[in-house]
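Heads up, the thing below is written out as structure tokens.
A short reminder: the numbers here are calculations on the coordinates, not readings from a lab. As the structure is a prediction and not an experimental result, all values here were calculated from the model. All Cβ positions, glycine included, derive from the backbone under ideal geometry; neighbour counts span all protein chains shown.
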Amino acid sequence: MRVLRGMDWILLLAIISLAALGLVMLYAAVHQGDTGLWQKQFTFWGIGFAAFLVLCFVQLRLLGLISWPFYALALLLLILVPLVGDVQMGARRWLNLGIVNLQPSELMKWALMLILASWFATREARSMQDIGVALLLAVVPAALIVNQPDLGTTLVLLFAATSLLIAAGLPWRWFGLAVIAAIGSLPVLWHFMHDYQKQRVLTLLDPQSDPLGAGYHVIQSTIAIGSGGLMGKGFLQGTQGRLHFLPEQHTDFIFAVLAEEGGFIAVVILLLLYTVLITRMLVISNRAHSRFGSLLCIGVASIFMLYITVNIGMVSGIFPVVGLPLPFISYGGSAMVTMLAALGLVMRVSIESRDRIPWQRPGSSLA
């Protein structure tokens, strides 16, 4: 009863609504092809929701204690990827575990948030030593992930770490210097980018320069979005998806399927659900009784916010194509399970904030 009383039911309703919408749109994207993907996604959702419920019962103090072992495990799995990982679509990002392919970078995002929240639970981000440790914790996995190559997840990792550093008290002048340094390093980053990544950036400026090559994805997705109009073409009636003009329509570009079949109305509903999701996480962060819980919620919220912004911007032709899924809507087992598990952590913060459990001390950092 204590767990039920402490749950944020608005957050839970937003999660279930997004998952249901995602299953509907995934069916629309794959109903003419591999419908087994829909069944797999439903299974992934069930596993993820089970993880969500389990984590609702795990005390935050325990989560703080296991943050280092969890980070070490995620880092070890990342190290194994270039050695024994599977190559899919030209990238080595997955580990074949027999019954499922695991993407260690998905685990690392949440492991990093957990360990940074634990690290700054008892200290401010104001000393070079503390900030240096945090940067090391973020940069090492980022270097491994960008080498897969996976630029999108690398950016998510660094953005989320930066958001958490700011929340932990990073002086704004230091943040400004970091931004200037990042801008100054862009030529170096460009030098080390793969040719296909450079082409994606150039195509963003002029998709029509290569309409059948690098610009094809963006051109077809913007056609799908624009043709949806106000009310959409109707469920299972989208021509871009049905006639297979739209690439990766069940994963990175599923937003275009939603916009074409559901129109502007469906897009607004999706954005409202995401707004509720992010807002509730920030509300829970604000009312958390512990610094650890508050920072953890901010870290999780920042990851979701970047995923949503970049994916929709990418499909709309605003950002380069970087291969980030749309939370709860795109197909993907690792992403679905880890995102639901991360929201289980947020819900646990809500539960402990509303009903302080007996062993907690008022000033406890990991309570």
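Key figures
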| quantity | calculated |
| --- | --- |
| Dipole magnitude (debye, nearest 20) for the chain, charges at Cβ of Lys, Arg, Asp, Glu | 1200 debye |
| Spin-label pair residue 96/residue 183, simplified geometry with 7 Å Cα→Cβ offset, distance in nm | 4.7 nm |
| Helix 333-354 axis, angle to the chain major axis (alpha carbon atoms, nearest 10°) | 40 degrees |
| Calculated from backbone phi, Karplus (6.51, -1.76, 1.60) coupling profile of the range 238-246 in Hz, x at Gly/Pro | x, 6, 4, x, 5, 8, 6, 6, 8 |
| On Cα atoms only, tilt of 128-146 relative to the major axis of the chain in degrees | 30 degrees |
| Dipole-positive endmost among 224, 271, 72 within the range 2-354 (Cβ charges, Cα centre) | 72 |
| Inter-part distance where the range 142-166 and the range 239-281 are each reduced to a Cα centre, Å | 25 Å |
| Ordering of 180-186, 324-330 by burial proxy (mean other Cβ atoms within 10 Å per residue, highest first) | 324-330, 180-186 |
| Ordering of 52-58, 311-317, 96-102 by packing [mean C-beta count within 10 Å, highest first] | 311-317, 52-58, 96-102 |
| Selection from 283, 324, 135 lying farthest towards where the dipole of the chain points positive, charges on Cβ | 283 |
| Under 12 Å, Cβ to Cβ, from residue 236 - net charge with Lys/Arg +1 and Asp/Glu -1 | 0 |
